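Visitor: Below you'll find the structure I mean.
The values are calculated or read from the model by the stated rules, or taken from the named source; none is laboratory data. Small disclaimer: the values here were computed from a predicted structure and weren't measured. All Cβ positions, even for glycine, are placed from backbone atoms using ideal geometry, and neighbour counts span all protein chains on display. For the accessible areas, the whole protein counts, side chains as well, though only heavy atoms, and no ligand, DNA or RNA atoms are used. Shrake-Rupley method; radii C 1.70, N 1.55, O 1.52, S 1.80 Å.
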Amino acid sequence: MTFVCKNRTFYITYSGLSSRRVGTRFLGSIVPIPNPTEFPLENEPILSYKKGSPERKELEKVLDKMASECEEVPLVIGNEEIKSNLCKYQVMPHNHKEKIAKYYWATPDLVKKAINVAVKAQREWEKQPIEKRLEMWLRIADLMATKYRQQLNAATMLGQSKTVIQAEIDSAAELIDFFKMHAYFVKEGLKYQPISPDQQTRNSIRYRGMDGFVAAVSPFNFTAIGGNLSYTPALMGNAVLWKPSDTALLSNWWIFKICREAGVPPGIVNFVPCEGPVFGDTITTSPYLAGINFTGSVPTFNRLWAQVGQNLAKYRNYPKLVGECGGKNYHLVHSSADVESVVNATIKSAFEFNGQKCSACSRMYVPESLWAKVKDGLLALRQKLTIGDVRDFTVYTGAVIDAVAFKRISGYIEYAKKSPKMEIIGGGGYDDSCGYFIEPTIVQTKDPKEKLMTEEIFGPVLTIYVYKDSDLDETVKLVDTSTPYALTGAIFAQDEKWARKALEDLKYTAGNFYINDKSTGSVVGQQPFGGSRMSGTNDKAGGPQYAFRWASPQAIKETFVPLQEYDYPYMRS
Ligand code: NAD
């Protein structure tokens, strides 16, 4: 294998194989890295699921079994499995007549019961040495990677309508990485101890769990997020009430079962499905609320934050609020961009998992000089995107998550159809007779401030604004100022000088910024994830600081010599 450089582009050549383009000359130098560190852990490998592969055979078996059953999912509070009289069903989004889980919502009294159990369990849990907890987390990661990998994937495919690759990168790779990498970061972080300047005193820090309980409120779109929001605080010595999303219930239940099998004691993570506002109202009025670990939409996080503010005088501690919210992620194309990269990256970012990734590209800015080529490329690929039941391994995407999402997304499409400023140039169809299917849709707008360019749609709708090449600087400003979000963004350019400038001009527009790559696909340990502005508190799940956000550190000073003075020498004559 050798590196060859042609026209400012690096190619890897393998003997006997054709060359593969891997990047441009300036990449790597644009953001200088002071001390690249060796990382001893590898990310969980992503399996291929090619026809005939052992993983595919096993997955198909599990899919058949899971699809033919409707699993009973109880609430779990401490040791108790509870079925309330608020019974609900999770259905397959791509075939909404098929039920895959029967579950129960907690009443306010059950949420209060879970709080009591958690608060008591926390003190015992925290006494377990951290080494024991770290070992347990690696055991969980191992069970997820081996014995239960296909159960997690099948539940994610059937319940959240993810294709096999989207499930594998979420409910296998990312979930496993959260458990093993956060354990590694904690082990490393514990090595830091404060300065002890002489032999007479010793300073140390110990990491306690927080005094109370943590509420983990997770979204539907990533199984891995559910596992991370609930179990990373638990790793740090907290007890948790986990409220999973109704539309990710089965996959989240599998995480809970696996952790229980690996030895997480009763009461440490309590599995509490509940109607959102009932859960929010109950936890925010408890004096024991120590933290909320939330991922979901801005309105829900705003409501929880406001409720915490209203109840402040009730609490024993100031609750820690960590929230990762929505985005209106952009692809900004420069006239020097490589069109093929732009087209492939945009199709993947905008339409994989139906644009239901918080990082999905939803607005795009293309210079007039490249528009004809970019448009042809996008439309040609869009034509090939098949949608359907995700058990058919040839489909590109499944259905959107539920009737509410279907109505919201199709509403944006209808709005675009009627607007004189917009033209649907690809797709625009939808049908919910069997599953909640929406065609990958591409809209061109004359107005860069149209609501399709500024609001989070969270569906397979990409809106494009074509700018005059001479308006490049104004377009950069538009990218910065059009939305209240700052989650992810990507620029595409071969012009190194401009890319450097854009990196600075767009500094506050994204917590995860990409150069010549799609705005989705962050990997635990590689691109710690989170945004600022209204996209969240930017606590970077998958990075070295994240788990420590869930500890309450205590600084301890020990003195080994008698204290013989009460005053200061300068006071004496
Ligand atoms: P959502 O806000 O509707 O729901 C999130 C969770 O909050 C669910 O469990 C829901 O039941 C619960 N909930 C709803 N109302 C509540 C209330 N009043 N009190 C307490 N809990 C309540 O979001 P969603 O549709 O599940 O997820 C999609 C959203 O999540 C999008 O906006 C997406 O961008 C965002 N998201 C962000 C990230 C990120 O890392 N920034 C990752 C994934 C998803």
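Visitor: When segment 150-177 is examined, which residues are found to be more than 23 Å from GLY355 (Cα to Cα) and open to solvent by 10 Å² or more (accessible area, probe 1.4 Å)?
Guide: GLN151
Visitor: Tell me which residues, restricted to segment 489-539, are open to solvent by 10 Å² or more (accessible area, probe 1.4 Å), among the hydrophobic types (A, V, I, L, M, F, W, C) and in a helix (DSSP H, G or I).
Guide: Hits for segment 489-539 are TRP498, LEU503.
Visitor: Of the conditions (1) surrounded by 14 or more Cβ atoms within 10 Å (Cβ to Cβ); (2) out of contact with any helix residue (DSSP H, G or I) (no Cβ under 8 Å at 6 or more places or on another chain), LYS418 satisfies every one except a single condition; which number is it?
Guide: With respect to (1) surrounded by 14 or more Cβ atoms within 10 Å (Cβ to Cβ); (2) out of contact with any helix residue (DSSP H, G or I) (no Cβ under 8 Å at 6 or more places or on another chain), LYS418 is out only on (1).
Visitor: Which members of segment 305-340 meet the condition of being over 30 Å from LEU503 (Cα atoms) and either open to solvent by 50 Å² or more (accessible area, probe 1.4 Å) or within 13 Å of the ligand (Cβ to nearest atom) (or both)?
Guide: First pass over segment 305-340, keeping only residues over 30 Å from LEU503 (Cα atoms): 305-320.
If the condition is that a residue be over 30 Å from LEU503 (Cα atoms) and either open to solvent by 50 Å² or more (accessible area, probe 1.4 Å) or within 13 Å of the ligand (Cβ to nearest atom) (or both), then TRP305, ALA306, GLN307, VAL308, GLN310, LEU312, ALA313, LYS314, ARG316, ASN317, TYR318, LYS320 are the ones that fit.
Visitor: It is to be established whether one or more residues within segment 460-473 are open to solvent by less than 10 Å² (accessible area, probe 1.4 Å), at pLDDT 95 or above, hydroxyl-bearing (Ser, Thr, Tyr) and more than 20 Å from the chain's Cα centre (by Cα).
Guide: Among the residues of segment 460-473, at least one is open to solvent by less than 10 Å² (accessible area, probe 1.4 Å), at pLDDT 95 or above, hydroxyl-bearing (Ser, Thr, Tyr) and more than 20 Å from the chain's Cα centre (by Cα), which makes the answer yes.
Visitor: Which count do you get for residues in segment 393-428 that are on the phi < 0 side of the Ramachandran plot and either in a loop (DSSP other than H, G, I, E, B) or under 28 Å from the mean Cα position of the chain (by Cα) (or both)? Give the steps one after another, and end with the answer.
Guide: Let us first name the residues in segment 393-428 that are on the phi < 0 side of the Ramachandran plot, namely 393-426.
Of the ones still in play, those that are also either in a loop (DSSP other than H, G, I, E, B) or under 28 Å from the mean Cα position of the chain (by Cα) (or both) are 393-413, 419-421.
Going through segment 393-428 one residue at a time, the tally reaches 24.
Visitor: Being surrounded by 16 or more Cβ atoms within 10 Å (Cβ to Cβ), within 16 Å of the ligand (Cβ to nearest atom) and under 21 Å from the mean Cα position of the chain (by Cα): is that true of VAL240 here?
Guide: Spelling it out, VAL240 is indeed surrounded by 16 or more Cβ atoms within 10 Å (Cβ to Cβ), within 16 Å of the ligand (Cβ to nearest atom) and under 21 Å from the mean Cα position of the chain (by Cα).
Visitor: Please determine whether any residue of segment 186-207 is of a type outside the set (S, T, N, Q) and open to solvent by less than 10 Å² (accessible area, probe 1.4 Å).
Guide: Let us first name the residues in segment 186-207 that are of a type outside the set (S, T, N, Q), namely 186-192, 194-195, 197-198, 202, 205-207.
Filter once more, so that each one left must be open to solvent by less than 10 Å² (accessible area, probe 1.4 Å): 186.
So far as segment 186-207 goes, yes, one or more of its residues are of a type outside the set (S, T, N, Q) and open to solvent by less than 10 Å² (accessible area, probe 1.4 Å).
Visitor: Which count do you get for residues in segment 87-142 that are farther than 21 Å from SER171 by Cα and touching a Ser or Thr at 6+ places or on another chain (Cβ under 7 Å)?
Guide: 9
Visitor: Considering only residues of segment 287-304 that are open to solvent by 10 Å² or more (accessible area, probe 1.4 Å) and more than 8 Å from the ligand (Cβ to nearest atom), which is nearest to the chain's Cα centre (by Cα)?
Guide: Across segment 287-304, the extreme among qualifying residues is ASN302.
Visitor: Here is a further query. Within the bounds of segment 264-277, is there any residue that is surrounded by fewer than 21 Cβ atoms within 10 Å (Cβ to Cβ) and part of a helix (DSSP H, G or I)?
Guide: Yes, some residue in segment 264-277 is surrounded by fewer than 21 Cβ atoms within 10 Å (Cβ to Cβ) and part of a helix (DSSP H, G or I).
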